[in-house]
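Heads up: the structure comes next, in structure tokens.
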Amino acid sequence: MSSPKRPLLICAGLTAMVAALSGSQLAGAAERSAPPAPAAAPQQQARESVIKDVVLAVHGGAGSLPRGSLTPEQEKAYRDGLTRAVQAGYALVKDGKPVLDAVEKAVNVLEDDPNFNAGKGAVFNTDAEHELDAAIMNGKDLRSGAVAGVHNTKNPISLARAVMEKSPHVLMAGRGADQFALRNGFAYTTQDYFWTQKRWDQLLAAKGRAGARSPAHTEVGGTVGAVAVDRSRDVATATSTGGLTNKQVGRIGDSPIVGAGTYANNRTVAISCTGTGEVFIRGTAAHDISALIEYARRPVEKAAAEVITKKITALGATGAAIALTPRGDLATPHSTKGVINAYVTRDGKIVTRIYDDETPAT
Ligand code: ASP
């Protein structure tokens, strides 16, 4: 069986062109009066960019969102949603709350936002249902909780945390996960809560049905994730998703698989991935990034770029990740044209990046 393809697959050559373009744009902005640099240098810089002193970062999916593709209202809705998520998580870190609280809360905000493919706004499977996947992980002790194929829980990431804290297990799926939710006091949420016109149109388009409205304005997957670090240098991560549009009933992606789409370890890095889940599972993407840092002593930006832009693309898929070290170094590699993301630095400054040209290409 061939692996499902994302709507937007770009070839390696085009990726390199985008990387080169962004590299020279960056260099142009930073060194306008300097003599021209050798062609390879700025590209290298863009490929391995790292942002310092980050406390918390979120992503809203890999894909492509070119400038001009959103109305001013849509752009504001994306930026406001990301900002609310980052603010909610940052406030908890500042208050000295566990870093797990921060990533859970940031993801809750994005799960409740209909623009993203998690919780409200999740994509549909082949049977026009929503099956939700999520995982959370604590870097200090490698504790983790995950749920897959959940039908009736508004905030799957909170259920994943309950699996971690209130059961002896790590991953619960389907009917058992839904029952576990009810037994642990999660309100029953009917499937229609998750419905949005945009995702319905995407399902009809994927099925080639007549009557589908014009394709949605965005080709971003919309999976959400958060990574954070506190003053003790404890890291944590959380990822939540509806998966892929028109996925087979029962299909589970990389997001709830520890080491594939989600991983955190205080010795190395906290990571949340987005992209074609089947390939991220086969490539053990998130753990590979951590392993390159732990065993090969690579800096986070090199480790993350190696896995996301080389290994995963060689296996036939595109995608992205956010990776945050205990020192506050953030890498955001992507082999798609863009990745929706935002971060806050120690001084409280929030940056939202939604368009393809806002996050350096890798
Ligand atoms: N990784 C997700 C999955 O395969 C989808 C995505 O990130 O767009 O379920």
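Odds and ends about this structure:
- Restricting 315, 324 to those that are open to solvent by less than 50 Å² (accessible area, probe 1.4 Å) and more than 9 Å from the ligand (Cβ to nearest atom) reduces the list to 324.
- Residue 322 under 22 Å from residue 90 (Cβ atoms), assigned to a strand (DSSP E or B) and either charged (D, E, K, R) or in contact with a helix residue (DSSP H, G or I) (Cβ under 8 Å, 6 or more places away or on another chain) (or both): no
Let's see how each residue does on (1) crowded, with 16+ Cβ neighbours inside 10 Å; (2) not charged (D, E, K, R):
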residue	(1), (2)
139	yes, yes
152	yes, yes
158	yes, yes
185	no, yes
204	yes, yes
224	yes, yes
230	yes, no
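- Condition broken by residue 270, with the remaining ones in (1) out of contact with any Cys (no Cβ under 7 Å at 6 or more places or on another chain); (2) within 15 Å of the ligand (Cβ to nearest atom); (3) open to solvent by less than 10 Å² (accessible area, probe 1.4 Å) satisfied: (2)
- Sole exception among (1) open to solvent by 10 Å² or more (accessible area, probe 1.4 Å); (2) under 24 Å from residue 354 (Cα atoms) for residue 121, by number: (1)
- Among (1) crowded, with 24+ Cβ neighbours inside 10 Å; (2) in contact (Cβ under 8 Å) with a residue 40 or more places away in the chain; (3) closer than 17 Å to residue 122 by Cβ - the single one residue 173 does not satisfy: (1)
- Failed item, numbered, when residue 217 is tested on (1) surrounded by fewer than 24 Cβ atoms within 10 Å (Cβ to Cβ); (2) modelled with pLDDT of 95 or more: (2)
- Residue in the range 219-237 that is within 10 Å of the ligand (Cβ to nearest atom), part of a helix (DSSP H, G or I) and in contact (Cβ under 8 Å) with a residue 40 or more places away in the chain present: no
The values are calculated or read from the model by the stated rules, or taken from the named source; none is laboratory data. Treat the numbers as computed from the prediction; the structure is a model and nothing was measured. Cβ coordinates were reconstructed from backbone atoms using ideal geometry, including for glycine residues, and neighbour counts include every protein chain displayed. When the accessible area is computed, the model is the full protein with side chains, heavy atoms only, and any ligands, DNA or RNA have been set aside. Shrake-Rupley method; radii C 1.70, N 1.55, O 1.52, S 1.80 Å.
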